[in-house]
Amino acid sequence: MKLRPIFIILVFALLSCGARPTHAQGIAGNWIWTSGESSPRNAYAYFRKSFSISAVPESATIRVTADSRYILYVNGIEVRRGPSRSHTRYRTYDTIDAAAYFQRGANVIAAVVHHYGDWTFSAQRGRAGLLVDARIVTSRGSYTIRTDDSWRALRTTAWDADLDRINMQLGFPELYDARKEPV
């Protein structure tokens, strides 16, 4: 009985931040990652898709998930961090109302993905990847942006991958060196 109020508070907190996790099987698009190992330990990668739309959006919905964690940006503005904790076979995704972030003309969806490549109490080891399915509706038509091989992807060494974990419950500590950022 004591867990029930905590559970209700957690669900309310999740819903109040606008995240609506749903199983990733509902997302169209392809899981993408950089070349090399499919489940690298403590790896970070950048992803970017540039495109143009003919009018200001009337609506825009982005569905996104990653293994293990992502930070999503639209036109340089951080939109969301996620996904919610889930099993690798039943990966959840976040649904984001993103119309306010897009503009007429050139647009960019970008993400930083941190792949643990190891087990924690909040993540199971799986393949590294990002999955995005966005639908933008304007008065002049609709646009679908999905992860595929047209996205730019770059592994980064700005975060030190060779770090020991503090304990098995948590992920890795972050050691970030901005000098290693790509221009």
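Quick notes on this one:
- Region 69-126: number of residues that are of a type in the set (A, V, I, L, M) and either within 18 Å of residue 168 (Cβ to Cβ) or in contact with a Cys (Cβ under 6 Å, 6 or more places away or on another chain) (or both): 1
- Filter result for residue 127 (farther than 28 Å from residue 40 by Cβ, among the basic types (Lys, Arg) and open to solvent by 40 Å² or more (accessible area, probe 1.4 Å)): no
- Residue pairs meeting the criteria (Cβ under 9 Å; at least 6 apart or on separate chains; first touching a residue at least 24 places away in the same chain (Cβ under 8 Å), in region 92-105; second aromatic (Phe, Trp, Tyr) and open to solvent by 10 Å² or more (accessible area, probe 1.4 Å)): 101/73
- Members of region 23-36 found to be assigned to a loop (DSSP other than H, G, I, E, B) and exposed (fewer than 14 other Cβ atoms within 10 Å of the Cβ), listed by number: 28, 35, 36
- Tally, over region 149-181, of residues that are surrounded by fewer than 14 Cβ atoms within 10 Å (Cβ to Cβ) and either assigned to a loop (DSSP other than H, G, I, E, B) or of a type in the set (Lys, Arg) (or both): 19
- Selection within region 83-96 - surrounded by 20 or more Cβ atoms within 10 Å (Cβ to Cβ) and part of a strand (DSSP E or B): 93, 94, 96
- Qualifying residue in region 75-94 (condition: closer than 18 Å to residue 137 by Cβ and modelled with pLDDT under 95): no
Residue by residue, here is whether (1) within 27 Å of residue 118 (Cβ to Cβ); (2) open to solvent by 20 Å² or more (accessible area, probe 1.4 Å); (3) in a loop (DSSP other than H, G, I, E, B) holds:
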residue: 39; (1), (2), (3): yes, no, yes
residue: 45; (1), (2), (3): yes, no, no
residue: 50; (1), (2), (3): no, yes, no
residue: 65; (1), (2), (3): yes, no, no
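The values are calculated or read from the model by the stated rules, or taken from the named source; none is laboratory data. Since the model is a prediction, treat every value here as computed from it, not as a measurement. Glycine gets a Cβ as well: all are built from the backbone with ideal geometry, and neighbour counts include every protein chain shown. In case anyone asks, the SASA skips ligands and DNA or RNA and just uses the protein heavy atoms, side chains included. Shrake-Rupley method; radii C 1.70, N 1.55, O 1.52, S 1.80 Å.
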